[in-house]
Amino acid sequence: MILVDNIHKRYKTNHGPGKWVLQGVSFVIPPNVSVGLVGRNGAGKSTLLRLIGGTDQPTKGHVERRCRVSWPMGFGGGLQGSLTGRQNAKFVCRIHGHEDDIEDRLAYIQDFAEIGDAFDEPIKTYSSGMKSRLQFGLSLAFDFDVYISDEVTATGDAAFKNKAATAFKNLADHASLIMVSHGESTLKEFCSSGIFLDNGKAHWFDDIDDALKAYKESRSK
Amino acid sequence: MAEAMIKYDYAHPRTSLAITLSVWNALFLREAVSRLSVGRIAWLWLLAEPIIQIGIMLFIFTVIRMRIVGGISTEAWLIIGMITFLMFKRPSGQVQNALSANRALFAYRQVKPIDTLLVRAWLEGFITVLIAIIFGIGGTFFGVELIPHDPLMVVTVFFGMWLMGLGYGLVTSVAVELIPKMGTFLGFFGAFLHISSGVVLPVSTVPEPYRGWLLLNPLLHGTEAARVGISPYYHAIPGMDIGYLYKCAIVAIFFGLALHRRFETKLITL
């Protein structure tokens, strides 16, 4: 379960405090419910994911994680370009306290990512699709209750998307996903509920279809 | 299907200390790899940089025909001063830039900004001690007297310089993130510290009252004390006090830690 209690967020700019990105966002994500975030570009979707993942702190309000939550995957975050995929994977295993079974985890990640010899090449030589594969494999190597994905499936090819979806369905009995995507079919495939972000406010919908409908209506206005 | 994965033990989550220790371990190994193995001769540059610096200064001193400084040979005087100063300079520089270099890692909430700084200081101290040992052995091989007459004093000085580097880096790492153009200013300030620390300029030749002013620089106390620790014949400047170096270092470390506590969220967000 994740409790988001009245969070406000604004970033510092070169001209003092910026505009409010999120203004009084509250909701509760129950256990085992996968949620899709929809909203225009700049509506604060990635910001909200970062706050839920604990990567960033809200200006006001607080987030409570009553379960194991992954880091937000997406856009190469958390990978260091000069190091190889294997070295980055080792680092992530170690900070999650898996020094003992690091070989098993590495084998799992390498197997899931299917990037071949590139696993031992520096990340900066990777394509965006290869990065996505590595990131998704990395997070699936750990036993999280909630996985946070920021468009991580967007750059993968069809084969990878299928693989990710299958891997995810296998986890569905004890894990869930919070994801941002502009692909309607992706959202419908992975998520049951939805959050529509608009003007710094969040609207919760028990059904992802209703969230998508609300988003479409706001666009046509 | 549940048997596919090792179940997480909810009754016994990792303690904060266990998380921090595993983060330090992971960061240390990661930093060591990127410091020493990225690029084919990364490790060679670690040695080449001080060798070139010392070589240039030695050339200048030879041209102006200065054979002895404060009772010891110019070579010994330069090498001891330069290496002792490195014990401050390397950790402080690495710590100062730790935040921008590790920004990608703050995606993992287990990694706090302060972790990257402490680990870098530790690794850099370790590397610099290795460099110092190599210089000590290499210099002795070429007939420069670098075997410490008072090893404990040398160790005390090196540790004090390292602490000072950590403290300085802790403070400046926050400053460069929060104040625009601070990096440029600190570049100039670093050059000033280098000159006023008695590394290339024999401070004993500076007349009073200016010499007294230079004694405000804690690093000067370190470089002079290291020379005394190596050679009993060295005439250190009057007023030298290792305790002053340690006092400054401890004040800087606590001030730096307080800054990090105060600006923790800002440093991640930027």
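Using only alpha-carbon positions in the protein assembly as shown, the gyration tensor eigenvalues give semi-axes of 53, 24, 18 Å once each is multiplied by 5 and square-rooted (largest first).
A dipole drawn for segment A:112-221 from +1 and -1 charges on Cβ atoms has a positive end, and of A:Y147, A:A172, A:I195 the residue lying farthest that way is A:I195.
Output the pairs from A:K45/B:K266; A:K45/A:K124; A:K124/A:K201; A:K188/B:K266 with a Cα-Cα distance over 28 Å in this structure; if there are none, say none. Violating the 28 Å limit, Cα to Cα: A:K124/A:K201; A:K188/B:K266.
Rounded to the nearest 500, the helix-only mean residue ellipticity at 222 nm of chain B stands at -23000 deg cm²/dmol, with each DSSP H run of n ≥ 4 adding -39,500 (n - 2.57). In segment A:1-105, taking the dipole from charged Cβ atoms about the Cα centre, the farthest positive-side position among A:L49, A:S34, A:G97 is held by A:L49. Here chain A is treated as an ellipsoid with the same Cα gyration tensor; its semi-axes, largest first and in whole Å, are 29, 20, 17. Counted over all Cα-Cα pairs of chain B, pairs farther apart than 24 Å make up 54 percent.
Counting neighbouring beta carbons within 10 Å and listing from fewest to most, the residues B:S37, A:S185 come out as A:S185, B:S37. Give the cross-link partners of A:K216 among the aspartates and glutamates, using a straight C-alpha distance below 16 Å as the criterion and excluding same-chain residues fewer than 8 apart. Partners within reach: A:E184, A:D198, A:D207. Per-residue packing, averaged as other Cβ atoms within 10 Å, sorts the ranges B:44-51, B:222-229 into the order B:222-229, B:44-51, beginning with the highest.
Select from B:T15, B:L58, B:A175 the residue farthest towards the positive end of the dipole of the protein assembly as shown; place +1 on Cβ of Lys and Arg, -1 on Cβ of Asp and Glu, and compute about the Cα centre. Checking the options against the dipole of the protein assembly as shown, the answer is B:A175. Distance from the alpha carbon centroid of segment B:129-178 to that of segment A:86-155 works out to 39 angstrom.
Bridgeable aspartates and glutamates around B:K89 (alpha carbons under 15 Å apart, same-chain partners fewer than 8 residues away excluded): B:E49, B:E124. What's the FRET efficiency of B:K247 with A:C67 using the Cβ-Cβ distance as r and R₀ = 56 Å, to the nearest 0.05? Calculated transfer efficiency: 0.75. Take each residue in B:156-168, count the other chain C-beta atoms within 10 Å of its C-beta, and the mean is 0.
Taking amide H as placed 1.01 Å from N in the peptide plane, A:L177 has its amide H under 5 Å from the amide H of A:S34, A:V35, A:Y147, each at least 5 places away in sequence or on another chain. In this calculation the C-beta distance from A:M1 to B:F126 is compared with R0 = 41 Å, giving a FRET efficiency of 0.40. Of the trypsin sites (Lys or Arg not before Pro) found in segment B:42-143, those in coil by DSSP whose Cβ has at most 10 other Cβ atoms within 10 Å are B:R65, B:R67. Here segment B:195-270 is described by how far its Cα atoms reach on the three principal axes: 52, 25, 19 Å, from widest to narrowest.
Rounded to the nearest 20 debye, the dipole magnitude of segment B:130-230 is 180 debye, with +1 charges on Lys and Arg beta carbons, -1 on Asp and Glu beta carbons, and the Cα centre as origin. Other protein chain C-beta atoms within 10 Å of residue C-beta, averaged over B:106-116: 5.
Any read-out appearing in this document is the output of simple, stated calculations on the displayed coordinates, not a laboratory observation. It should be emphasised that the depicted structure is a prediction, and the values quoted were computed from it without experimental measurement. Reconstructed Cβ throughout: ideal geometry from the backbone, glycine too, with neighbour counts over all protein chains shown.
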